[in-house]
Amino acid sequence: MQPHDFWQEIHPPRSFERLPAEGHRGFFPAEFEDGRQLRLPIRELPDGEHALASLIINQAGFAVEDALCASLAEKVRPFEPEVVVGLPTLGLTLASGTAKKLGHSRYVPLGTSRKFWYREDLSVPMSSITSPEQVKRLYVDPRMLPLIENRRVLLVDDVISSGRSIVAALKLLEACGTRPVAIGAAMLQTDAWQEPVSNVYPHALDRVLGVLRTPRLKRTSTGGWAPE
């Protein structure tokens, strides 16, 4: 399939083999809870022996984006969130759509671009697995504080992988005197995020919800990719 074809269509359950004998080639079929499948491109890691399935939500077709937001909204609804807080950059797309599905009239976007009225005490350093060499600062607009103080907050990012971005956001919310009632993502990528998130948010694992879950992949002897 062509590179621009990814993330454009959700397929019926069992459209693709979950564990093909020679490993996955070209794409990994991530599954919704009801069995529907979404083809994700396989990104080879620098060691040449491992890979990850990739999701870029702002390149997804609108039907796929809508399905991810709808599924996440249903997963987090039991936590009764009153406001959705989104992580930049790609998490903002999911946060906005999820807030709409929950019936909210707005959401709160965090940002990495400092405005002159922002406060340094309401910011934290942040990096991500896709750009570890870029250490930015994560900010909350001081004008947004009344929207999150003493509210039931849902924290949303597009993909949780290493946990670096979510940990930064948790620390920022803590500086605002807030701890989220739940954390949501379109995809939980491997389990590497679990320890760092638990270190700053004890007993959080049952409050982290993802629409899709994907493993770290290892190259097979036949040149394909299989869950490690």
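Of note:
- Comparison of L72, L45 shows that the only residue that is open to solvent by less than 30 Å² (accessible area, probe 1.4 Å) and not acidic (D, E) is L72.
- Residue within the range 172-188 that is within 14 Å of M126 (Cα to Cα) and not in a helix (DSSP H, G or I) present: no
- Candidates in the range 1-41 are the residues that are modelled with pLDDT under 95, in contact with a strand residue (DSSP E or B) (Cβ under 9 Å, 6 or more places away or on another chain) and not in a loop (DSSP other than H, G, I, E, B); of these, the one that is surrounded by the fewest Cβ atoms within 10 Å (Cβ to Cβ) is P3.
- Test: residue in the range 159-177 that is modelled with pLDDT of 95 or more, of a type in the set (D, E, K, R), open to solvent by 30 Å² or more (accessible area, probe 1.4 Å) and in contact with a helix residue (DSSP H, G or I) (Cβ under 7 Å, 6 or more places away or on another chain): yes
- Residues of the range 1-37 satisfying the condition of being among the aliphatic types (A, V, I, L, M) and in contact (Cβ under 8 Å) with a residue 24 or more places away in the chain: M1, I10, L19, A30
- The range 1-34, residues that are farther than 16 Å from L217 by Cβ and acidic (D, E): D5, E9, E33, D34
- Just so you know, in the range 97-119 the residues that are touching a strand residue (DSSP E or B) at 6+ places or on another chain (Cβ under 7 Å) and outside any loop (DSSP other than H, G, I, E, B) include one that is surrounded by the most Cβ atoms within 10 Å (Cβ to Cβ), and it is T98.
- Criterion (open to solvent by 20 Å² or more (accessible area, probe 1.4 Å) and either at negative phi or modelled with pLDDT under 95 (or both)) met by exactly one of L122, L90, L94: L90
- Screening the candidates E17, E80, E74 for the property of being under 17 Å from the mean Cα position of the chain (by Cα) and either acidic (D, E) or closer than 22 Å to R164 by Cβ (or both) yields one hit, E74.
- Leading residue by the ranking (surrounded by the most Cβ atoms within 10 Å (Cβ to Cβ)) among those in the range 178-194 that are over 23 Å from R137 (Cβ atoms) and polar (S, T, N, Q): Q189
- The condition (being modelled with pLDDT of 95 or more, outside any loop (DSSP other than H, G, I, E, B) and open to solvent by 50 Å² or more (accessible area, probe 1.4 Å)) is satisfied by just one residue among A51, A63: A63.
The values are calculated or read from the model by the stated rules, or taken from the named source; none is laboratory data. Remember, it's a predicted structure, so these values are computed and weren't measured experimentally. Note that each Cβ is placed from the backbone with ideal geometry, even for glycine, and that neighbours are counted across all protein chains shown. Keep in mind that these areas ignore ligands, DNA and RNA; they rest on the heavy atoms of the full protein, side chains included. Shrake-Rupley method; radii C 1.70, N 1.55, O 1.52, S 1.80 Å.
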